[in-house]
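> The following block contains the structure, expressed as structure tokens.
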Amino acid sequence: MKAKAKQNALKGLNMTKCKYCWKKADEARMTIDHKHPKIKGGQDKLKNLQCLCNDCNVEKGSHSEGELKVLWRWFLSMQKSRIKRGKNPMFKKEIREIMGLYEERINLLDKQK
């Protein structure tokens, strides 16, 4: 993206918190992400840009939001099977907490459509 076009696009972008985990800009390094990745034909337009913390951006990688939700749902199904097999109650509690975070993320993305 050319510097002038990037400046204009960023004026309308909310850079105060991460769209996925809600970390605030003062808590984490914020990055600009393409909802539909450039490698898959995404454009440098405001409607295709979003603010993510570095951790969430790395996790998203070159996936679209739809692909990411599919991966998160797969992750949740794997964790449910781990809970069934696990015998340690603390382990089960930790897995349930992680699952809750991913369920919240999926719900947030569904609401933003």
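> Please give the helix 65-85 orientation as an angle from the longest Cα principal axis of the chain, in degrees from 0 to 90, rounded to the nearest 10.
10 degrees
> Under 10 Å from the Cβ of Ile95, count the other residues' Cβ atoms, weight Lys and Arg +1, Asp and Glu -1, and hand me the total.
+3
> Two decimals is fine: what is log10 I(q)/I(0) at q = 0.17, 0.19, 0.23, 0.24 Å⁻¹ for the chain, from a Debye sum with one equal scatterer on every Cα and no solvent?
-0.87, -1.03, -1.32, -1.38
> Given the -39500 (n - 2.57) contribution per DSSP H run of 4+ residues, what per-residue ellipticity at 222 nm results for the chain, rounded to the nearest 500 deg cm²/dmol?
Helix contribution divided over all residues of the chain: -17500 deg cm²/dmol.
> Report, in whole Å, the centroid distance computed from the Cα atoms of the stretch 81-113 and the stretch 34-58.
Answer, in whole Å: 25.
> Run the simple label-point estimate for Trp22 and Ser64 please: 7 Å along Cα→C-beta, distance reported in nm.
2.8 nm
> Karplus couplings for the stretch 94-108 from phi (6.51 cos²θ - 1.76 cosθ + 1.60, θ = phi - 60°), rounded to Hz, Gly and Pro as x?
Each residue's phi maps through the Karplus curve to give 4, 5, 4, 5, 4, 4, x, 4, 5, 5, 4, 4, 4, 4, 5 Hz.
> What are the residues whose amide H is under 5 Å from the amide H of Lys23, where those residues sit 5 or more places off or on another chain and H is modelled from the backbone?
Placed amide hydrogens put Cys18 under 5 Å from Lys23.
> Then there's this: Taking the Cβ of Leu52 as the center, what net charge do the other residues with Cβ under 12 Å away carry, scoring Lys and Arg +1 and Asp and Glu -1?
Result for the neighbourhood of Leu52: +3.
Just so you know, all these numbers are worked out from the coordinates, no wet-lab data involved. All values reported here derive from a predicted model rather than from experimental measurement. We place every Cβ from the backbone using ideal geometry, glycine too, and count neighbours over all the protein chains shown.
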